[in-house]
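Heads up, the thing below is written out as structure tokens.
The values are calculated or read from the model by the stated rules, or taken from the named source; none is laboratory data. Since the structure is predicted, the reported quantities are computational estimates derived from the model, not experimental observations. Cβ atoms come from the backbone with ideal geometry, glycine included; neighbour counts cover every protein chain shown. What goes into the accessible areas is simple: the full protein's heavy atoms, side chains included, and nothing from ligands, DNA or RNA. Shrake-Rupley method; radii C 1.70, N 1.55, O 1.52, S 1.80 Å.
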Amino acid sequence: MGARVLLAGSGGREHATAWKLLQSSHVERVFVAPGNGGTSLIATNLPHKSTDIDGIVAAAVANKIDFYLSSSDDPQPLGLVDRLQAEGILCYGPSAAAARIEASKAWAKAFMARHHIPTAAGESFSTLSAAQAHIESLPEGKLWVKASGLAAGKGAVGCETREEALEAARDMLIDHQFGTASETIVIERDMEGWETSAHAFCDGNTAVLWPFSTDYKRALDGGQGLNTGGMGAYSPSAGVSAELGESIQRIVVDPVLKGMAAEGHPYNGTLYPGIMMTGEGPKILEYNARSGDPETQVLLPRLESDLFEVATAAARGELHTVDIRWSPRPAVGVVIASRGYPESFETGFPIHGLDAVDDGVLVFHMGTRAQDGGFVTSGGRVCTVVATGETMTEARERAYDNARRITFENAYYRTDIALEAV
Ligand code: GLY
């Protein structure tokens, strides 16, 4: 009998992870809590939100889960890995203590200071008077005011003036803009440079980087519009050389593994640092204790190794025993979203053309729900269409050619994903 594997989340990332796991001869069945329309086609969706820890643990025991692979941000800080491990279930993912590296920016900032990891100058505050005194003591210049807790990727506000920073601090600390996530805020100086991000498999002692990917955060072409969870991605990233990858590993990834282990809560799971490449080298914008969405959708199709073998080896602290191979073929993913996202949008529209894509092109569902034998939209980001190719140009053309075949009312997508890399 093969293994029964559990995922928690409802994104394209979970659909892609389930798809990749099911290629393993070791995997019998995948369960996803709560999953989406796409995961319902290949896995068993469980009726529990990813934050319903009691429900997920009970379902894991009832369904005889052998292995949990963490991918989304919210269950780990609530202790899902700790609870599943207490039931004797093997887990690849951070404990609640280790997940603080994403779930508490205030904690992460102090951790980086303790371990000399380069990042923007910043301080944490829980009262407006202290935040105000700090803002007024700073020279003019761009600041970032960030909710310390998880805020669905919306908790960082860029402020051009001190007045704007004070307003953002008031919104968070007094008006509870992000609920308990903004009971503490972090105020940071802006950093100059260009942004990139990395992913790494981590087994508590060692980290092995994935290829680099580039995410498109803004809603509209040319980097216009509001910040989103990501409107598309491609891999490998233009401009990240092997030498740069090596310095990222040495300066902002390995010290996390060393520091976490030294503090008694080793980091196990995928680590996804957001990085600013500055004149002084890589500096951390933030750490994520999970994989990115839509980055996972373009990265896992490039993984040639068996994800179950890699993740279970990492879960056992034995990453050194597996050979992790990646395809050189580039991958491009285009997110099709509901018009109005990331603000207000309508859902419930039938999705057409999901079966009309070419062989080898992947459609990972995001906000979809099965209905009347088909699928309807149920979220802002609806699906990611992923194509690979001999070249980035070919991958990009295939991704767009196939994305055009998927239609629903109010659908929209950016037209410039991976343009910089062709
Ligand atoms: N695509 C950005 C994220 O997953 O946080």
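A few remarks follow.
- The charge dipole of the chain, taken about the Cα centre with unit charges on the Cβ atoms of Lys, Arg (+1) and Asp, Glu (-1), comes to about 520 debye, rounded to the nearest 20.
- The stretch 316-353 residues near the modelled ASP254 label - backbone nitrogen below 16 Å, point 7 Å along Cα→Cβ: 320
- Comparing ASP215, ASP82, ASP401 in a Gaussian network model of the chain (Cα springs below 10 Å), the most mobile by mean-square fluctuation is ASP401.
- The stretch 164-221 pair-distance distribution - Cα-Cα, 5 Å bins, rounded %: 4, 13, 13, 10, 14, 21, 14, 9, 2
- Potential extension, ALA238-ALA133 segment - 0.36 nm per residue separation minus Cα distance: 33.6 nm
- Gaussian network model of the chain, Cα within-10 Å springs - most flexible of LEU285, LEU220, LEU41: LEU41
- Plainly put, the stretch 277-422 has a radius of gyration that is 1.03 times its Kirkwood radius, both from alpha-carbon atoms, as the Rg/Rh ratio.
- All Cα-Cα distances of the stretch 1-156, cut into 5 Å bins from zero to the largest, leave 2, 9, 16, 17, 15, 11, 9, 8, 7, 4, 2, 1, 0 percent in each bin in turn.
- Largest mean-square fluctuation among VAL240, VAL252, VAL334, in a Gaussian network model of the chain whose springs join Cα atoms under 10 Å apart, belongs to VAL240.
- Nitroxide proxy distance, nm - points 7 Å out along Cα→Cβ at ALA121 and ASP190: 1.6
- Evaluated at q = 0.18 Å⁻¹: base-10 log I(q)/I(0), Debye formula over Cα of the stretch 21-60: -0.51
- Hz values of 3J(HN,Hα) by residue in the stretch 406-422 - Karplus curve (6.51, -1.76, 1.60), Gly and Pro given as x: 9, 10, 7, 4, 6, 6, 8, 8, 6, 9, 10, 5, 6, 4, 5, 9, 9
- Charge sum, other residues only, whose C-beta stays under 13 Å from TYR234's C-beta, Lys/Arg counted +1 and Asp/Glu -1: -1
- In plain terms, the C-alpha convex hull of the stretch 292-344 casts an average shadow of 5.2 nm² when viewed from every direction.
- Close amide-amide hydrogen proximity is noted between TRP326 and GLU304, each under 5 Å apart and 5 or more residues distant or on a separate chain (H modeled in the peptide plane; Pro and chain starts excluded).
- Just so you know, the Cα atoms of the chain work out to an Rg and Dmax of 20.7, 64 Å.
- Residues of type lysines that LYS49 reaches as a straight line, Cα spacing below 23 Å, ignoring anything fewer than 8 places off in the same chain: LYS20, LYS64, LYS154
- Per residue, the stretch 229-294 exposes 32 Å² of accessible surface when a 1.4 Å probe is rolled over the protein heavy atoms with every protein chain present.
- In terms of distances greater than 25 angstrom between alpha carbons, the cross-link table entries LYS217/LYS258; LYS109/LYS217; LYS105/LYS217 yield LYS217/LYS258.
- Computed P(r) (all Cα pairs; the stretch 131-181; 5 Å bins; percent): 5, 23, 31, 23, 13, 5, 0
- Given charges at beta-carbon only (K, R positive; D, E negative), |dipole| of the stretch 207-285 in Debye: 140
- Taking the three principal axes of the alpha carbon atoms in the stretch 126-285, the coordinate ranges are 44, 43, 29 Å, sorted in descending order.
- Cβ-based charge dipole, the stretch 108-241, positive-most Cα from PHE201, TYR234, GLY141: PHE201
- Shown in residue order for the stretch 387-393 are the 3J(HN,Hα) couplings computed by the Karplus curve 6.51 cos²θ - 1.76 cosθ + 1.60 at θ = phi - 60°: 10, 10, x, 5, 10, 5, 4 Hz (x for Gly and Pro).
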